Amino acid sequence: MSVKNRKEQRLRRHLRIRRQIGCGTATRPRMAIFVSNRHMYVQFIDDTASVTLASAATGKDEPCNVASAKALGEKAAQAALAKGITTVLVDRAGFQYHGRVKTIVESALAAGLATAAKTEEA
């Protein structure tokens, strides 16, 4: 099966990553990150119940740069900690772990979240 464009390539990478990290649970949700040209989004998802537990996004007038990514990571961590989430599985959704995605994850970890390996049971 040939892949026609960059979006399809990213979606295939995303599926491959999802197979590797597994499913998020209520105690260890999946931290799904999406970055577009204008906005950045973070969701904490319980895949067993198909529910979004917490979320954060950039504002309407915020630029989509590394500084905004750092603020978004801190805001997402605060939203997660308010819901009682301390350990997450990071899902980069097929995006390269570089620049804005890396900044979001690192600032969320610095703000109090912890990552979990796929084999750990929380």
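The values are calculated or read from the model by the stated rules, or taken from the named source; none is laboratory data. Just so we're clear, the structure is a prediction, and the values are computed from it rather than from any experiment. Glycine also receives a Cβ, built like all others from the backbone with ideal geometry; neighbour counts cover every protein chain displayed.
Scanning the range 43-74 for residues that are more than 18 Å from His98 (Cβ to Cβ), among the charged types (D, E, K, R) and surrounded by 15 or more Cβ atoms within 10 Å (Cβ to Cβ) gives Asp46, Asp47, Glu62, Glu74. If the condition is being outside any strand (DSSP E or B), touching a Lys or Arg at 6+ places or on another chain (Cβ under 6 Å) and surrounded by 17 or more Cβ atoms within 10 Å (Cβ to Cβ), then the range 22-42 contributes only Gly24. Taking first residues from the range 62-86 that are over 15 Å from Thr52 (Cα atoms) and partners that are hydrophobic (A, V, I, L, M, F, W, C) and part of a helix (DSSP H, G or I), the Cβ contacts under 7 Å between residues at least 6 apart in sequence or on separate chains come to Ala69/Ile104; Leu72/Ile104; Gly73/Ile104; Gly73/Val105; Gly73/Ala108. Just one of (1) modelled with pLDDT under 95; (2) over 13 Å from the mean Cα position of the chain (by Cα) fails for Gln78. It is (1).
In the range 1-46, the qualifying residues are those that are of a type in the set (Lys, Arg) and under 22 Å from Ala82 (Cβ atoms), and the one that is farthest from the chain's Cα centre (by Cα) is Arg28.
Criterion first (of a type in the set (A, V, I, L, M, F, W, C), in a helix (DSSP H, G or I) and within 15 Å of Ala111 (Cβ to Cβ)) does Leu81 satisfy it? First the steps, then the outcome.
Details: of a type in the set (A, V, I, L, M, F, W, C): yes; in a helix (DSSP H, G or I): yes; within 15 Å of Ala111 (Cβ to Cβ): yes.
Yes.
Let's see how each residue does on (1) touching a Leu at 6+ places or on another chain (Cβ under 7 Å); (2) among the hydroxyl-bearing types (Ser, Thr, Tyr); (3) part of a strand (DSSP E or B); (4) touching a residue at least 40 places away in the same chain (Cβ under 8 Å):
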| position | (1), (2), (3), (4) |
| --- | --- |
| Ala49 | no, no, no, no |
| Ala56 | yes, no, yes, no |
| Leu89 | no, no, yes, yes |
| Gly94 | yes, no, no, yes |
